[in-house]
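The values are calculated or read from the model by the stated rules, or taken from the named source; none is laboratory data. Keep in mind that what you see is a predicted model, and the values were worked out from it rather than measured. Note that each Cβ is placed from the backbone with ideal geometry, even for glycine, and that neighbours are counted across all protein chains shown.
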Amino acid sequence: MRERQLTFATDRQSGITSRPSTPYQWWALRDSNPRPSPCRTCILKEVKKSTVFHAVLAVVALLPTSLASATSPGEPCSKFGQIIKVKSGSKTLELICDQVGPKILWQVRSGKGSGSAGTGGNNKASKPGVSTFSIESLPIKLSANPWDWPTDTNNFYARTYPVVNIFGRSYQGKPEATLMFNYVKIGTPVLAPITGIVLEVRNQPESCDVELYMRASSGEIISLDHISTTLKADKNRVIKAGEAIGSVTKWECKEPFGRFELMYGAEKDKVYTALCPMNFLAPTIKSASIAAIRDLMVRWNKHVGPGGASAYSNTDLERGVCETETARG
């Protein structure tokens with residue numbers, strides 16, 4: 001079984017992207033044919049070659065300091081993610097050292113988010129399922145019927161995994177900590193779930209695919225794992241939600257279908273917790289998306305037949321694909 005370790009995440013309280021001092025296994029990929037773990041230390045070294053990533057991964061959770069009088073919004077800063085308080089007339093402003101175009105400048109830190117991707121924004125702590133951050137698009141267009149379901153419903157995959165894994169449920173001994181779609185047609189377009197920048201594209205030669213990280217203007221980070229893409233990290237290009245950013249590729253290099261994951265989570269007190277993405281759907285897509293997922297679950301049950309090992313229960317159909325709000329894979 002191949003384990004993944006968290007290399008960076010967004011602290012929802014401080015808004016800082018950092019790598020925990022103790023690596024956390026933020027999800028596990030289940031496979032009947034185990035493969036060795038990739039060298040995470042090597043990957044981190046490669047990431048550090050980028051100036052921005054070096055700053056991000058080196059930052060620790062810095063708390064607001066005492067009042068500073070010689071700093072104002074728009075001035076250059078050096079410690080990415082640092083937060084300070086400054087006097088502005090009779091008011092006290094909270095500034096964050098953040099990326100603005102090619103420069104790192106002091107920006108006003110507020111709870112309404114900033115106007116450009118990759119800047120401070122909403123960094124207030126919030127409860128799971130309650131946030132100004134939202135998923136603006138499902139990662140695939142369900143109405144396009146993008147499925148290649150197994151005809152043999154007694155094979156390993158069909159017996160083990162439904163068309164969409166239930167978040168928080170144990171599969172192969174590990175709780176599901178992502179929104180994972182199974183049996184997707186190879187070549188199916190993968191859509192950006194949020195509006196933001198491509199933060200990193202991590203090659204995964206052991207599974208013949210990549211993991212793509214995006215950051216919203218609020219600072220929240222999501223990832224799409226086991227896809228193919230031609231995009232590269234670009235802090236100056238804003239990707240719109242719903243825009244095609246890649247495609248589905250063969251699962252584990254060889255299967256005739258694809259499987260891919262959407263993950264979102266938060267770090268607090270150096271502990272990373274995955275959050276069920278379906279709880280963060282934007283109001284404009286929430287009702288239609290929930291209905292489409294439920295219809296998909298019903299269709300899967302008809303495919304595997306009543307009593308099928310991977311069939312959804314009546315409770316699943318009523319509740320949807322979030323068994324729990326949070327999970328630790």
Checking ASN154 against (1) closer than 22 Å to TYR272 by Cβ; (2) out of contact with any strand residue (DSSP E or B) (no Cβ under 7 Å at 6 or more places or on another chain); (3) modelled with pLDDT under 95; (4) in the same structural domain as ALA216 (by TED's automatic domain parsing): exactly one of these is not met. Which one?
(1)
Going through the range 204-227 one residue at a time, which ones are over 14 Å from LEU262 (Cα atoms) and within 16 Å of the chain's Cα centre (by Cα)?
ALA216, SER217, SER218, GLY219
Test for LYS174: is it modelled with pLDDT under 95, in contact with a helix residue (DSSP H, G or I) (Cβ under 7 Å, 6 or more places away or on another chain) and charged (D, E, K, R)
no
For the range 199-246, what are the residues that are buried (at least 19 other Cβ atoms within 10 Å of the Cβ) and hydroxyl-bearing (Ser, Thr, Tyr)?
SER207, TYR213, SER217, SER218, SER223
Could you tell me which numbered condition PRO306 fails, if it satisfies all but one of (1) assigned to a loop (DSSP other than H, G, I, E, B); (2) under 25 Å from the mean Cα position of the chain (by Cα); (3) of a type outside the set (Gly, Ala, Ser)?
(2)
Are any of the residues in the range 196-209 within 23 Å of SER143 (Cβ to Cβ) and of a type outside the set (Lys, Arg)?
no
Restricting the range 124-151 to residues that are exposed (fewer than 13 other Cβ atoms within 10 Å of the Cβ) and among the β-branched types (Val, Ile, Thr), the residue that is modelled with the highest pLDDT:
THR151
Can you find a residue in the range 268-277 that is under 22 Å from the mean Cα position of the chain (by Cα), assigned to a helix (DSSP H, G or I) and of a type in the set (D, E, K, R)?
no
Residue set ALA244, ALA216, ALA266, ALA233; condition assigned by TED's automatic domain parsing to the domain that holds THR160, in contact with a helix residue (DSSP H, G or I) (Cβ under 9 Å, 6 or more places away or on another chain), more than 30 Å from ARG159 (Cα to Cα) and among the aliphatic types (A, V, I, L, M); output residue ALA233
Take residues that are acidic (Asp, Glu) and tell me which of the strands (runs of 3 or more DSSP E) falling wholly in the range 167-260 contain 2 or more.
209-216
Just one listed residue, out of THR324, THR315, THR284, is free of Cβ contacts under 8 Å to residues at least 12 places away in the same chain and among the β-branched types (Val, Ile, Thr), and it is THR315
